[in-house]
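Report on one structure; see the data block that follows.
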Amino acid sequence: MSQENVEARIATTSDLDGLTATLTVAFEHDPLWSWAFTDPTDLAVWWQFNIGSALRYPWVWISGDYAAASVWIPPDGTELTDEEEARVEPVLRDLIGPRAPEVIELVRRFDVSHPEGPPHYYLSLLGVHPEHRGEGLGMALLAENLQRMDAEGVPSYLESSNPGNNGRYERLGYRRVGEFTTPDGERTVATMWRDVGGS
């Protein structure tokens, strides 16, 4: 599917359940997130918590009938409010009990790896419903989003939790700038940056 054929719209709070459902099944077998949340029901609660906060901004996008979704945090935005940040550890403890310290440490590694500047868009989540994998919807949605950022003259940043996706991001102009691992050292997350225009 070419990016010209993407029918994307900005999500609203009424889309929270649909977004959560798609992104949960999209990441159910992800190398990183299936390690963090072995039960997809717990992953759904975690995604709903994060997506619900991101919907404060008009930068959550849906392609088709929740076939694909992208969740962006705009420049100078925050992934969570201060109040929500204070709830992260209790939420994780409620969800995964004794494994919470490991996942809390993983979340900390995401935070400390995030570049402080220059101002940029942050791709928090990009996922495709399994029923639509292989149709090019995820990369087409991402390319459409990036066109808007290029028009604004703003770069972007993401973390790739699945090494199989790194090449796809590189084809859209991202370059690998670092990495971090899960606390057990078994899974690696690539940090990637894209300058305006993908040059």
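The values are calculated or read from the model by the stated rules, or taken from the named source; none is laboratory data. This structure is a prediction, so every number in the text was calculated from the model and none was measured. Don't worry about glycine lacking a Cβ; one is built from the backbone with ideal geometry, like all the others, and counts go over all protein chains shown. With ligands, DNA and RNA removed, areas are computed over all heavy atoms of the protein, side chains included. Shrake-Rupley method; radii C 1.70, N 1.55, O 1.52, S 1.80 Å.
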Scanning segment 120-137 residue by residue, those modelled with pLDDT of 95 or more and among the small types (Gly, Ala, Ser) turn out to be SER124, GLY127
List the strands (runs of 3 or more DSSP E) inside segment 3-80, counting only whole elements, that have at least 1 residues being open to solvent by less than 10 Å² (accessible area, probe 1.4 Å) and over 22 Å from GLU152 (Cα atoms).
68-73
Among (1) more than 24 Å from ALA143 (Cα to Cα); (2) out of contact with any strand residue (DSSP E or B) (no Cβ under 6 Å at 6 or more places or on another chain), which single condition is ARG109 missing?
(2)
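If a residue counts only when it is buried (at least 18 other Cβ atoms within 10 Å of the Cβ), which strands (runs of 3 or more DSSP E) contained entirely in segment 116-199 have at least 2 such residues? Talk me through it step by step, then tell me what you get.
Numbers: elements: 121-128, 156-160, 175-181, 188-194.
In segment 116-199, 121-128, 156-160, 188-194 are the strands (runs of 3 or more DSSP E) which contain 2 or more residues that are buried (at least 18 other Cβ atoms within 10 Å of the Cβ).
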